[in-house]
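Undergrad: Following this message is one structure expressed as structure tokens.
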Amino acid sequence: MSEEKPPLFHSWKTWYKLVLAVMLIQVIAYFLITKSFS
Amino acid sequence: MSTLDWLVLFGTLSFIVLYGTWKSRGSNVESFLKGDQQLKWWMIGVSIMATQASAVTFLSTPGQAIEDGMRFIQFYFGLPLAMVIISITMLPIYYKLKVYTAYEYLETRFDLKTRTLAAILFLILRGLSAGITLFAPSLVLSTILGWNIFFTTLLIGALVIIYTVSGGSKAVSITQRYQMTVILAGMAMAGIIAFTLLPTDISFLDTVRVAGELGKLNIVTTDFKLSDRFNIWSGLLASTFLFLSYFGTDQSQVARYLGGKSLTESRMGLIFNGLLKIPMQFLILFIGVLVFVFYLFNQPPVFHNQVLVEQARQTQKGTSIDSLQLDFNRAFYEKKVAVLKLVKSIHDNDRQEIEEAKKSYRVFQRKEDSIKTLTKYSIAEGMNLSIKKVKDTDYIFLNFVLKYLPHGVVGLLLAVIFSAAMSSMASELSALASTTTVDVYKRIVKGNTESSHYLVSSKWFTVLWALLAMGFAMLANFAENLIQYVNIVGSLFYGTILGIFLVAFYFKRVKSDAVFWAALVAESVVLACYFYFYQEIAFLYYNIIGCGVVVMLSAIFQSVLNYRHSHN
């Protein structure tokens, strides 16, 4: 099975970094919400 | 329920079932077990999310937020990481080997007994989970609608059987698109309406600040305790193991992305899930928070399972329950005064007043809690039930929907619950049938016959597993919050299964005998943890324990075997 290029980005690594970055941003944002409103 | 609600409910369900059956007619064994392998990335992503989001998600999660705040979201923190790891490691191997089920790979890598062990562990875990997946909505809907649980179980089970037996994996993916649309539309509407029902002088920011001050925005908790189920550490570490196993080795999920048009589409489907799952859970939990704030200003019932309360009222405990409801009403009004004071002090930004209001809120909240506890004991005594079985967390959200949402929306929300139940159950039945057919029946019982025979067998296995799940749902009896059971059952087996796969991928020198015996010991260790250390070790850690024991013991066993081999 030949591997195709991912859509939008040149490499799958960029997609993986995006997924992990979005996750980290959410964790940080939720942490800040917890600290600000509790 | 009005006529409009019934029309919306049955119209939605009939459309999905008939459309799924019609679109997947004439399936061959390939499309029945794997889908048509024509799915685009967004269809795969939706299908993955619909499989995971069962009715329990929508019944229990808002109630979980009301009782325990939003910290349950931390359970999903490991999911994006798991999606990335699966995309890099497991997915290309499954595609390369063109497998029907994940367990086929284990025979290529090890041997038949290891493949069969993993398949059987999966069948036990998924068979039990299918029962819970069906039990949860059947119980709640039967209670709320006043129907017999046999009827609600039969209705959901029969609807799922119709299209799953007709079209298999292909029908599952087709119907899940529409089920997910109904689910998202229904939940968004519930959230918006819950907010509009709040007093007009309470802004969105006030709602958030009140919820925060009263401890419901505890989204991230950083204290580490092995017995604590949900904190950032269990979420990032233990959940990653759980989700690696669930998405990477559980056939109900593997079948979703193996139905992709290409490796690229499947990868994008997993990425889609990795990006959207946490926000989706956040919204569902936030709807729970909105309902919590709503009940700060509107009188809630002392016990949300109204049908059970009504039944208990007919017993000798009726007078005591009525008097407790009156006490609860009085405590609510006293608490409401404290809440209004809290809102005012938030507006004034007066920290000292805020703390005083919170203090007085807590006094009345404790009073309410003790009245609730007394009510539960009265219900338990009146109905001759164990106190553990008198719980109402799973009823809070649906009770709110039925009492306060407008006609039509109630039908839509019930369609959400039914759709979620059907979408998860269909995936589970399809996976149970394909694993039974491919990994057990075809490989051990009857190999090398024409494909039409396996198509018919798969359909019969689908019916068989559906009947088992329905039997389980009709006979089962649970004491805890239902969403916990689904995750506990998964955690009992996922660690061991994941351990087998990790050894297969990363420990090339480990052979079949070592991993097989290591897996048996690991499963015994996990079951021992559950039966003897349930309070001490939170269930999410079973995933790490099971996986860790398989990896370590298989390496040790292999070294011993190598040593014995070299000295013989």
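Computed from the coordinates by the stated procedures, all read-outs in this text should not be read as laboratory data. Note that the structure is a prediction, hence the values are computed from the model and not measured. Cβ atoms come from the backbone with ideal geometry, glycine included; neighbour counts cover every protein chain shown.
Undergrad: Could you look through the range B:248-273, keep only residues that are hydroxyl-bearing (Ser, Thr, Tyr) and buried (at least 24 other Cβ atoms within 10 Å of the Cβ), and pick out the one that is farthest from B:Asp36 (Cα to Cα)? Before you say what the answer is, go through the steps one by one.
TA: From the range B:248-273, those hydroxyl-bearing (Ser, Thr, Tyr) are B:249, B:252, B:257, B:262, B:264, B:266; that's our starting set.
Subset that is buried (at least 24 other Cβ atoms within 10 Å of the Cβ): B:249, B:252, B:257, B:266.
Details: B:Thr249: 21, B:Ser252: 16, B:Tyr257: 11, B:Ser266: 13 Å.
Looking at the filtered set, the residue picked out is B:Thr249.
Undergrad: Exactly one of these conditions fails for B:Ala211: (1) hydrophobic (A, V, I, L, M, F, W, C); (2) assigned to a helix (DSSP H, G or I); (3) more than 14 Å from chain A (Cβ to nearest Cβ); (4) under 24 Å from B:Phe397 (Cβ atoms). Give me its number.
TA: B:Ala211 satisfies all of (1) hydrophobic (A, V, I, L, M, F, W, C); (2) assigned to a helix (DSSP H, G or I); (3) more than 14 Å from chain A (Cβ to nearest Cβ); (4) under 24 Å from B:Phe397 (Cβ atoms) except (3).
Undergrad: Right, here's the next one. Starting from the range B:63-85, take each residue that is farther than 12 Å from B:Ile219 by Cβ and list its partners that are among the acidic types (Asp, Glu) and surrounded by 23 or more Cβ atoms within 10 Å (Cβ to Cβ), counting only C-beta distances under 8 angstrom and pairs at least six apart or across chains.
TA: Matching pairs, first to second residue: B:Gly63/B:Asp394.
Undergrad: Right, next: In the range B:68-84, what count of residues is obtained for those that are part of a helix (DSSP H, G or I) and within 9 Å of chain A (Cβ to nearest Cβ)?
TA: Counting residues in the range B:68-84 that are part of a helix (DSSP H, G or I) and within 9 Å of chain A (Cβ to nearest Cβ) gives 9.
Undergrad: Are any residues in the range B:404-456 of a type in the set (Val, Ile, Thr) and within 17 Å of the chain's Cα centre (by Cα), and if so, which ones?
TA: Scanning the range B:404-456 gives B:Val416, B:Ile417.
Undergrad: Being more than 18 Å from the chain's Cα centre (by Cα), outside any helix (DSSP H, G or I) and either within 14 Å of chain A (Cβ to nearest Cβ) or not polar (S, T, N, Q) (or both) is true for just one of B:Leu237, B:Leu217. Which residue is that?
TA: B:Leu217
Undergrad: Scan the range B:274-298 and report the pairs whose first residue is within 12 Å of another protein chain (Cβ to nearest Cβ) and closer than 12 Å to B:Ala194 by Cα and whose second residue is charged (D, E, K, R) and crowded, with 21+ Cβ neighbours inside 10 Å, with Cβ atoms within less than 7 Å and a gap of 6+ or a chain change.
TA: Hits for this filter: B:Val289/B:Lys216.
Undergrad: B:Ser245 versus (1) within 12 Å of chain A (Cβ to nearest Cβ); (2) of a type outside the set (D, E, K, R); (3) surrounded by 18 or more Cβ atoms within 10 Å (Cβ to Cβ); (4) touching a residue at least 24 places away in the same chain (Cβ under 8 Å): which is the lone unmet condition?
TA: Evaluating B:Ser245 over (1) within 12 Å of chain A (Cβ to nearest Cβ); (2) of a type outside the set (D, E, K, R); (3) surrounded by 18 or more Cβ atoms within 10 Å (Cβ to Cβ); (4) touching a residue at least 24 places away in the same chain (Cβ under 8 Å) leaves (1) as the failure.
Undergrad: Condition test on B:Gln64, is it more than 25 Å from the chain's Cα centre (by Cα) and either surrounded by fewer than 24 Cβ atoms within 10 Å (Cβ to Cβ) or in a helix (DSSP H, G or I) (or both)?
TA: The answer is no for B:Gln64.
Undergrad: Would you check which residues across the range B:503-532 are more than 16 Å from B:Leu106 (Cβ to Cβ) and either of a type in the set (S, T, N, Q) or in a loop (DSSP other than H, G, I, E, B) (or both) and list them?
TA: Once the filter is applied, which keeps residues that are more than 16 Å from B:Leu106 (Cβ to Cβ) and either of a type in the set (S, T, N, Q) or in a loop (DSSP other than H, G, I, E, B) (or both), the range B:503-532 yields B:Arg509, B:Ser524.
Undergrad: Consider the range A:19-34. How many of its residues are within 10 Å of B:Val220 (Cα to Cα) and either more than 7 Å from chain B (Cβ to nearest Cβ) or not in a helix (DSSP H, G or I) (or both)?
TA: 3
Undergrad: Quick check on this structure: which one of B:Ile161, B:Ile202, B:Ile183 is closer than 16 Å to B:Ile284 by Cβ and more than 14 Å from chain A (Cβ to nearest Cβ)?
TA: After ruling out the rest, the residue left standing is B:Ile183.
Undergrad: Here is a follow-up. Being more than 18 Å from B:Ala119 (Cα to Cα), assigned to a helix (DSSP H, G or I) and not basic (Lys, Arg) is the filter here, so list the residues in the range B:432-464 that pass it.
TA: Matches in the range B:432-464: B:Ser451, B:Ser452, B:His453, B:Leu455, B:Val456, B:Trp460, B:Val463.
Undergrad: Which of the residues that make up the range A:1-16 are of a type outside the set (S, T, N, Q) and more than 9 Å from every other protein chain (Cβ to nearest Cβ)?
TA: A:Leu8, A:Phe9, A:His10, A:Lys13
Undergrad: So which of B:Thr89, B:Thr114, B:Thr108, B:Thr143 is polar (S, T, N, Q), within 14 Å of another protein chain (Cβ to nearest Cβ) and over 24 Å from B:Gln281 (Cα atoms)?
TA: B:Thr89
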